[in-house]
Amino acid sequence: MPIAVVGAGIVGATTAFYLSAAGYAVTIYDEGTGQATSAAAGIICPWLSQRRNKQWYQLAAAGAAFYPTLMQDLNEDMSNSGIYRQVGTLVFKKSPELLAKLEKIALKRRETAPEIGELSILSPAEIKAKLPLLETEQSALFASGGARVDGSLLTKKLVEAAVSNGADYFPEKAQLTMSTTGTYTIATPTHTKHFSAVVLAAGAWLPEILQPLGFSVDIRPQKGQLIHLEVEEETQDWPVVMPDGEKDIIPFPNGRIVVGATHENDEGYDLVPSEEKLAVMLNEAAELAPSLAKATIKEARVGTRAFTSDFAPFFGEVPESPGLYVASGLGSSGLTSGPIIARMLTQLIMDKPTDLPVFDYPVARYIHRTHSYTEIKD
Ligand SMILES: Cc1cc2nc3c(=O)[nH]c(=O)nc-3n(C[C@H](O)[C@H](O)[C@H](O)COP(=O)(O)OP(=O)(O)OC[C@H]3O[C@@H](n4cnc5c(N)ncnc54)[C@H](O)[C@@H]3O)c2cc1C
């Protein structure tokens with residue numbers, strides 16, 4: 001069965017990888033501008049979040065637990081990978097009491113999520129031993145199972161693996177139309193192809209694809225910017241740092257350190273970095289790691305996150321449109337939940353039981369038909 005996958009961020013690239021590995025004839029389309037995945041900070045640590053939504057936690061925790069399987073399926077050596085590695089996470093809180101409370105929550109969550117690993121409250125000296133750039137008098141909670149992932153490298157590897165499984169890949173913008181008999185057509189500036197199933201993994205651009213087909217889509221864009229710095233030290237083993245606030249510090253191999261990110265709700269699909277916002281983030285990070293103020297700035301990245309009005313993600317088949325699958329609304333934690341969502345999309349397409357109940361993430365809550373398709377064509 002020929003299947004199109006529109007979007008090769010984390011959701012589309014992983015879906016294309018698993019479908020092509022299962023023998024489906026997959027065609028991938030990815031325009032790429034503003035992609036959230038390749039701009040993302042790269043933190044995989046859902047267990048220490050204060051967010052209380054049960055469905056979100058179930059999905060994000062399953063997503064974090066799934067990463068080692070994904071790496072294995074990609075033949076990636078996790079002990080020495082520039083793509084994904086469990087380097088641990090250091091979390092700071094405003095007071096020792098709040099830190100102790102977080103440790104208690106984490107210990108409870110570990111009963112069902114052993115992936116969280118070892119948990120301990122580290123002293124300032126122990127923190128410095130793990131990450132010499134940090135100058136602090138505070139303690140922090142360390143979770144050894146926390147990880148960092150390079151979204152850009154991961155999707156590149158997933159698409160390459162899909163192509164070597166036989167998938168076609170077009171770095172082009174795709175336009176979808178559907179016939180009344182249930183087949184789908186995708187047109188790009190260079191060609192047109194027909195499919196019996198389509199996966200729309202288009203992130204914040206899902207409304208742009210579905211509105212012309214008569215659907216309303218509850219998705220809005222959120223701008224996120226971050227900075228990539230370079231330091232002289234070897235950063236390969238340094239843990240991810242989550243200070244109390246929204247600016248995190250994520251070390252990657254070869255001296256690269258990412259600082260970010262912003263969460264801007266009023267900027268639409270804008271992709272222009274704001275020097276002022278980047279400077280504020282850098283100053284905040286330098287409060288904890290003063291030498292970062294002197295680090296070389298390598299680049300600023302800007303991506304667009306997709307949010308629903310109740311902040312919950314959705315995925316599955318579009319009601320009354322057999323063979324049309326979607327996933328969007330992954331928000332700030334989509335690098336964490338993206339791969340497991342992709343695996344469940346694959347399970348749905350293959351008519352297999354899904355890892356989690358899909359009715360917890362219902363498409364029908366966010367996508368509605370406003371016009372019949374024939375009305376639109378006329
Ligand atoms: C700055 C920033 C920091 C983040 N940090 C983290 C983090 O630390 N941890 C975490 O878990 N999550 C993080 N996230 C969130 C995470 O990156 C996203 O939720 C996730 O990557 C979304 O993946 P996606 O595949 O749904 O969409 P995207 O990655 O946005 O991919 C969608 C793709 O579809 C393509 N597309 C759309 N329409 C078309 C079309 N018509 N034709 C062809 N291609 C099309 C787009 O060009 C794009 O490439 C961060 C996001 C940002 C922006």
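Return yes or no: is Ile367 under 18 Å from the mean Cα position of the chain (by Cα) and within 30 Å of Ser179 (Cβ to Cβ)?
Criteria not met by Ile367.
What are the pairs with Cβ atoms under 8 angstrom where one residue, in the range 39-68, is closer than 16 Å to Val149 by Cβ and the other, located anywhere, is modelled with pLDDT under 95 and away from the ligand (no atom under 12 Å from the Cβ)? Sequence gap at least six, or different chains.
Qualifying pairs under 8 Å: Pro68/Met78.
When you look at Leu90, is it part of a helix (DSSP H, G or I), closer than 21 Å to Lys247 by Cα and in contact with a helix residue (DSSP H, G or I) (Cβ under 7 Å, 6 or more places away or on another chain), yes or no?
no
Enumerate the pairs (first residue in the range 94-121 and under 18 Å from Pro243 (Cβ atoms) and assigned by TED's automatic domain parsing to the domain that holds Ala140; second residue anywhere and hydrophobic (A, V, I, L, M, F, W, C) and in a helix (DSSP H, G or I)) with beta-carbon separation below 7 Å, excluding pairs fewer than 6 apart on the same chain, so at least 6 apart or on different chains.
Leu102/Leu48; Ala106/Trp47; Ala106/Leu48; Ala106/Ile116; Ile121/Leu99
Which is under 17 Å from Thr155 (Cβ atoms), open to solvent by less than 50 Å² (accessible area, probe 1.4 Å) and away from the ligand (no atom under 16 Å from the Cβ), of Leu74, Leu70?
So the residue among Leu74, Leu70 that is under 17 Å from Thr155 (Cβ atoms), open to solvent by less than 50 Å² (accessible area, probe 1.4 Å) and away from the ligand (no atom under 16 Å from the Cβ) is Leu74.
For the range 192-207, which positions are within 19 Å of Ile10 (Cα to Cα) and surrounded by fewer than 20 Cβ atoms within 10 Å (Cβ to Cβ)?
Matches in the range 192-207: Pro207 only.
Taking the condition of being in contact with a Pro (Cβ under 9 Å, 6 or more places away or on another chain), open to solvent by less than 40 Å² (accessible area, probe 1.4 Å) and within 12 Å of the ligand (Cβ to nearest atom), how many residues in the range 301-328 meet it?
Number of matching residues: 8.
Taking Met281, is it touching a helix residue (DSSP H, G or I) at 6+ places or on another chain (Cβ under 8 Å) and either surrounded by 17 or more Cβ atoms within 10 Å (Cβ to Cβ) or outside the structural domain of Gly316 (by TED's automatic domain parsing) (or both)?
The answer is no for Met281.
Could you give me the residue pairs with C-beta distances under 8 Å whose first residue belongs to the range 314-325 and is farther than 10 Å from Thr183 by Cα and touching a residue at least 40 places away in the same chain (Cβ under 8 Å), whose second residue is open to solvent by less than 20 Å² (accessible area, probe 1.4 Å) and in a loop (DSSP other than H, G, I, E, B) wherever it lies, and which are 6+ apart or on separate chains?
If the second residue must be open to solvent by less than 20 Å² (accessible area, probe 1.4 Å) and in a loop (DSSP other than H, G, I, E, B), the pairs left are Phe314/Thr308; Phe314/Gly329; Phe314/Tyr361; Phe314/Tyr366; Phe315/Tyr361; Gly316/Tyr361; Glu317/Gly323; Tyr325/Val318.
Against the definition (modelled with pLDDT of 95 or more, within 12 Å of Leu206 (Cα to Cα) and in the same structural domain as Phe17 (by TED's automatic domain parsing)), how does Gly334 come out, yes or no?
Taking the combined requirement at face value, the residue does not satisfy it.
Yes or no: Gly331 on the phi > 0 side of the Ramachandran plot and open to solvent by less than 20 Å² (accessible area, probe 1.4 Å)?
yes
Just for the range 143-158: of the residues that are open to solvent by 10 Å² or more (accessible area, probe 1.4 Å) and assigned to a loop (DSSP other than H, G, I, E, B), which one is farthest from the ligand (Cβ to nearest atom)?
Top of the filtered list is Ser144.
Residue by residue through the range 123-142, note down the ones that are open to solvent by less than 10 Å² (accessible area, probe 1.4 Å) and over 12 Å from Val241 (Cα atoms).
none
So that you can scan it fast, the table gives a plain yes or no per residue for (1) more than 8 Å from the ligand (Cβ to nearest atom); (2) closer than 17 Å to Glu320 by Cα; (3) not in a strand (DSSP E or B):
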residue: Leu141; (1), (2), (3): yes, no, no
residue: Glu160; (1), (2), (3): yes, no, yes
residue: Gly166; (1), (2), (3): yes, no, yes
residue: Tyr169; (1), (2), (3): yes, no, no
residue: Val198; (1), (2), (3): yes, yes, no
residue: Glu208; (1), (2), (3): no, no, yes
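Of everything in the range 171-186 that's in contact (Cβ under 8 Å) with a residue 60 or more places away in the chain and in a loop (DSSP other than H, G, I, E, B), which residue is surrounded by the most Cβ atoms within 10 Å (Cβ to Cβ)?
Selected residue: Ala174.
The values are calculated or read from the model by the stated rules, or taken from the named source; none is laboratory data. Because the structure is predicted, anything quoted here is derived from the model rather than measured. Note: ideal-geometry Cβ built from the backbone for every residue, glycine included; neighbour counts use all protein chains shown. Calculation scope for accessible area: heavy atoms of the full protein, side chains included, ligands and nucleic acids excluded. Shrake-Rupley method; radii C 1.70, N 1.55, O 1.52, S 1.80 Å.
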